[in-house]
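Colleague: Just dropping this structure here.
The values are calculated or read from the model by the stated rules, or taken from the named source; none is laboratory data. Not measured: the values here are computed from a predicted model. Here the Cβ positions follow ideal geometry from the backbone for every residue, glycine too, while neighbour counts run over all protein chains shown.
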Amino acid sequence: MLNTLSVPKKEARPVEVDYRALDDLIEGGFARDPENLIMILQAVQRKYNHLPEPVVKYISIKLNVPTSRIYGIATFYAMFSLEPKGKNIVSVCVGTACHVRGAERIKNQLEQHLGIGPGETTLDMLYTLETVRCVGCCGLGPVININDKTYARTDPSKIVGILNNYE
């Protein structure tokens with residue numbers, strides 16, 4: 001069982017920001033155009049697994065966009081996170097089809113093995129556990145996603161083996 005990082009994750013290591021790469025992204029990739037703000041935030045989210053405060057402030061300055069607008073977007077869209085997430089995002093589908101096929105047992109096994117609950121991240125920043133309503137694989141349930149990979153027809157006995165591929 002791993003130690004947990006309680007929310008909010010104030011104990012997490014500070015993020016090292018590569019401002020040159022950020023400039024390349026903002027100026028080269030998106031022409032420093034405020035109309036591209038959501039796409040810039042998506043690129044930052046992919047790189048850091050969240051939107052670090054120093055990066056939000058830097059983007060605000062570079063695009064001349066109030067930080068309140070950036071935070072408004074970041075809190076409106078579920079794809080963005082203001083809290084650090086683990087290297088591996090483990091999503092358990094708890095939609096109806098997965099639920100009736102045992103999603104709760106899968107979630108419980110993940111919680112027990114990782115030592116965290118939904119919305120939490122392990123102290124080593126390796127895993128974040130999330131529950132989602134549906135991943136669109138209803139005939140394959142119960143389903144978990146780890147990053148971009150889907151595991152169908154999972155059962156509690158497979159969980160540790162699956163997670164071993166990500167340590």
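Colleague: Any chance the stretch 84-91 includes a residue that's touching a residue at least 24 places away in the same chain (Cβ under 8 Å), out of contact with any Pro (no Cβ under 7 Å at 6 or more places or on another chain), assigned by TED's automatic domain parsing to the domain that holds residue 127 and hydrophobic (A, V, I, L, M, F, W, C)?
Modeller: yes
Colleague: Okay, moving on. Filter the stretch 85-106 down to residues that are of a type in the set (S, T, N, Q) and within 18 Å of residue 161 (Cα to Cα), then give me how many there are.
Modeller: 2
Colleague: Any chance the stretch 38-45 includes a residue that's in contact with a Cys (Cβ under 9 Å, 6 or more places away or on another chain), within 25 Å of residue 137 (Cα to Cα) and in a helix (DSSP H, G or I)?
Modeller: No, the stretch 38-45 has no match at all.
Colleague: On to the next question. State whether the residues of the stretch 112-133 include one that is buried (at least 20 other Cβ atoms within 10 Å of the Cβ) and among the small types (Gly, Ala, Ser).
Modeller: Within the stretch 112-133, none of the residues are buried (at least 20 other Cβ atoms within 10 Å of the Cβ) and among the small types (Gly, Ala, Ser).
Colleague: State all residues of the stretch 75-101 that are under 13 Å from the mean Cα position of the chain (by Cα), among the small types (Gly, Ala, Ser) and either closer than 19 Å to residue 122 by Cβ or modelled with pLDDT of 95 or more (or both); if no residue qualifies, say none.
Modeller: Within the stretch 75-101, 81, 86, 91 meet the criteria.
Colleague: While we're on this one: Name every residue in the stretch 26-55 that is farther than 20 Å from residue 125 by Cβ and either over 17 Å from the mean Cα position of the chain (by Cα) or acidic (Asp, Glu) (or both), in order of residue number.
Modeller: 26, 27, 28, 29, 30, 31, 32, 33, 34, 35, 36, 37
Colleague: A further question follows. Within the stretch 139-162, can you find the residues that are more than 13 Å from residue 107 (Cα to Cα) and part of a helix (DSSP H, G or I)?
Modeller: Matches in the stretch 139-162: 139, 140, 161, 162.
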